[in-house]
Amino acid sequence: MNENIIYAFIAVIVYFAYKKYTQYKVLKLVPSLLSQGGKIVDVRTKEEFVSSHKDGSINIPIVSLEKEMIELDKNKPIILCCASGGRSALAKRKLIANGFENVHNAGTWKALLKVDTL
């Protein structure tokens, strides 16, 4: 096997392991973040959100985030989620670029279902 292919394969494994680890860290923080007044923001489309979502979350689709972010408190934690984690990662970058500091990407909304938020 070509040495470059092995390095590429290892890089992909490390990337996915890191992504899973960072999601795990955020999920452990969710109860604490919510107790600080944080909000779970689901950035999927309205149709996706209506079909199923985490109780207590609000829906701000990624395409509407720029104009609707004024509804969010910059001083409170924001926990982002979507279907796969890609849109919530983009939303995190947008919010940080607009002065939000306490922003967390929880990845998938389904992962948040496993978190006890009471």
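Just so it is clear, none of the values below were taken in a lab; they were calculated from the coordinates. Quick caveat: nothing in here was measured; it's all calculated off a predicted structure. Cβ: placed from backbone, ideal geometry, glycine included. Neighbour counts: every protein chain shown.
Quick notes on this structure:
- Residue check, V50 among the β-branched types (V, I, T), more than 12 Å from the chain's Cα centre (by Cα) and closer than 24 Å to K19 by Cα: no
- Summed over region 53-80, the residues that are among the acidic types (D, E) and either within 14 Å of the chain's Cα centre (by Cα) or surrounded by 19 or more Cβ atoms within 10 Å (Cβ to Cβ) (or both) give a count of 0.
- Residues within region 77-118 that are in a loop (DSSP other than H, G, I, E, B), touching a Gly at 6+ places or on another chain (Cβ under 7 Å) and either closer than 14 Å to I62 by Cβ or free of Cβ contacts under 8 Å to residues at least 12 places away in the same chain (or both), tallied: 1
- Subset of region 49-71 [more than 20 Å from V115 (Cβ to Cβ), aliphatic (A, V, I, L, M) and touching a Lys or Arg at 6+ places or on another chain (Cβ under 9 Å)]: I62, L65, M69
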